[in-house]
Amino acid sequence: MRRIGLSVLALSAMAALAALGAAAGSSGAYPVQYCSQVPIINGTPPWGFHTGQPISGATGSYARGHGNINLSTNYVDGILCQVFRVRRQPDRLIVMSVEHHLGYHSHYAQMWGVPGNIMNITVRVKSSTDPACKVGTIGHVTLFASYNGVRSDSVQFFFPRACKDHNHLYHGTQVNNQVPPD
């Protein structure tokens with residue numbers, strides 16, 4: 001009788017753990033530490049960004065990334081991630097690597113009516129939980145960092161049709177962007 005009670009208790013504990021695991025993989029209203037593949041670095045990176053706090057509601061989007069850059073040779077590298085949460089669907093996470101040629105950069109850019117630094121990079125999806133957005137897909141990201149005491153940074157992702165759900169513009173005071181000057 002004691003063995004049966006222990007077996008029932010063990011099965012109940014396993015069922016509770018399985019339910020907890022299933023809840024952690026769903027898109028409920030709780031924060032998830034996405035983008036753990038992109039380590040948070042201390043200090044100021046050569047380039048980097050985050051788009052605010054990770055998703056904590058039933059819907060939303062979040063991204064972060066960083067890397068190295070050499071403006072004199074137009075070399076850039078790095079890693080980025082973006083997660084997109086839609087109601088009653090699994091979260092869609094993509095991790096991207098940066099193609100090594102810097103597309104464009106300027107210290108004299110103007111966006112949102114304010115001056116700042118801008119850079120355009122090409123990214124390649126290296127892992128994806130979005131069935132439509134396949135590994136190897138190429139996209140582009142524009143990073144804008146305002147200066148002169150104004151806080152109007154932005155990050156914009158551009159992808160082809162298959163990854164269109166990841167075409168996001170993050171803009172405003174919650175975006176923290178580091179784009180090096182010329």
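What follows is calculated from the coordinates using simple rules that are stated; it is not laboratory data. Remember, it's a predicted structure, so these values are computed and weren't measured experimentally.
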Subject >> Segment ALA58-GLU99, extension gain: residue separation times 0.36 nm, minus the distance between their alpha carbons >> reply: 11.5 nm
Subject >> Relative contact order of the range 45-95, pairs being alpha-carbon contacts under 8 Å that are 6 or more residues apart, as % >> reply: 31
Subject >> Coarse-grained scattering of the range 29-171 at q = 0.16, 0.19 Å⁻¹, given as base-10 log I(q)/I(0) from a Debye sum over alpha-carbon atoms >> reply: -0.85, -1.18
**OP:** Note the full-extension length gain between GLN37 and SER72 as 0.36 nm times their separation in residues minus their Cα-Cα distance, in nm to one decimal.
**Re:** 9.7 nm
